[in-house]
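Let me begin by presenting the structure, written as structure tokens, before commenting on it.
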Amino acid sequence: RWPVFAMLPAGFLLLGIQGISELIKRIAFLRGLIPDPTGRHVAKSAEQELAEFIAEERGIGDAASAAPSSARSP
């Protein structure tokens, strides 16, 4: 029985350490020292990669400004 009783305080200790770690990360984010720790890191879609490639080939600096030809006004 004693291993079970020993694991209970150890679990709470580890949970407390995790809480302190999360608090440190949140404070660092609010100070602007690290990127958003909760943000999703999604890879670029094939369309975004193609648009950036075409923009680089045409010499356009920003891929966001490279809209499809059907979306441009005449």
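In table form, for the structure just shown:
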| item | result |
| --- | --- |
| Exclusive hit being at pLDDT 90 or above and charged (D, E, K, R), set Arg40, Arg31 | Arg31 |
| Near pairs, Cβ below 6 angstrom, 6+ apart or cross-chain, from region 44-55 (hydrophobic (A, V, I, L, M, F, W, C)) to any residue that is part of a helix (DSSP H, G or I) and surrounded by 13 or more Cβ atoms within 10 Å (Cβ to Cβ) | Ala51/Ala63; Ala55/Ala63 |
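Yes/no matrix, rows are residues, columns are (1) outside any helix (DSSP H, G or I); (2) of a type outside the set (Lys, Arg); (3) modelled with pLDDT under 90:
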{"site": "Ala6", "(1), (2), (3)": "no, yes, yes"}
{"site": "Pro9", "(1), (2), (3)": "no, yes, no"}
{"site": "Lys25", "(1), (2), (3)": "no, no, no"}
{"site": "Pro68", "(1), (2), (3)": "yes, yes, yes"}
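The values are calculated or read from the model by the stated rules, or taken from the named source; none is laboratory data. None of these values were measured; they are calculated from a predicted model. For neighbour counting, all protein chains shown are included, and Cβ atoms are generated from backbone atoms with ideal geometry for every residue, glycine included.
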